[in-house]
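The values are calculated or read from the model by the stated rules, or taken from the named source; none is laboratory data. Note that the structure is predicted; figures quoted are calculated from it, not measured. Don't worry about glycine lacking a Cβ; one is built from the backbone with ideal geometry, like all the others, and counts go over all protein chains shown.
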C-alpha cells in the first residue's frame, strides 16, 4: 500500500522514535517500501546570530549529525530494508512537510512529541503541524 515512508528522527532522544521506526520497518518489509529517515538541525535563525559562528559551523554540524544518523540506521534498520538518511536545516515541521513532498512520500511515521504528563494527551506542535499540512498520510505512533 505504501511505497515511500518518511520517518523524522530526533537523534537527541531516539527512544521517542523507536516505536515509530519499528512500525515503519514492518510496513516497509510488508510492502517492499523504501524508508527515508530525516533529522532536522535548527538553523541560526538570524544572520546576526550566524555572524558569531565560523562560516563553516553549520556544514560541520550537519556532517556530524549525518554520521550519527547513519550509525543510528545501521543499528535500527534491518538489511533487507532500504533506508536513506537525510539531514536538513531549519524548522522541523516545515522541513518534514517539504521533504515528504520532495521524495513523494505516501506515509510519514512519527511519534507525537516528547513532553510528559498532561501534555501527552495532546500532539506536540511539530506533529500537529505535520498532520495538518502534509500532503500524505501521517501515522502518529505513541510509545
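For first residues located in region 73-85 and surrounded by 12 or more Cβ atoms within 10 Å (Cβ to Cβ), partners that are modelled with pLDDT of 95 or more and assigned to a loop (DSSP other than H, G, I, E, B) and lie 6+ apart or on another chain with Cβ distances below 6 Å form the pairs 83/77. Report yes if residue 65 is modelled with pLDDT under 80 and either in a helix (DSSP H, G or I) or in contact with a strand residue (DSSP E or B) (Cβ under 6 Å, 6 or more places away or on another chain) (or both), otherwise no. No, not satisfied.
As a summary of the residue check, residue 92 satisfies the conditions (1) within 18 Å of residue 13 (Cβ to Cβ); (2) modelled with pLDDT of 95 or more; (3) under 13 Å from the mean Cα position of the chain (by Cα) except for the one numbered (2).
Taken across region 25-44, residues that are over 25 Å from residue 136 (Cα atoms) and either surrounded by 14 or more Cβ atoms within 10 Å (Cβ to Cβ) or at pLDDT below 95 (or both) do occur, with at least one present. When residue 80 is tested against the conditions (1) touching a strand residue (DSSP E or B) at 6+ places or on another chain (Cβ under 7 Å); (2) within 17 Å of residue 36 (Cβ to Cβ); (3) at pLDDT below 95, the lone failure is (1). The listed residues are 108, 5, 96, and the only one of them that is touching a residue at least 60 places away in the same chain (Cβ under 8 Å), in contact with a helix residue (DSSP H, G or I) (Cβ under 6 Å, 6 or more places away or on another chain) and assigned to a helix (DSSP H, G or I) turns out to be 96. Is it fair to say residue 19 is surrounded by 12 or more Cβ atoms within 10 Å (Cβ to Cβ) and not in a strand (DSSP E or B)? So residue 19 passes the test.
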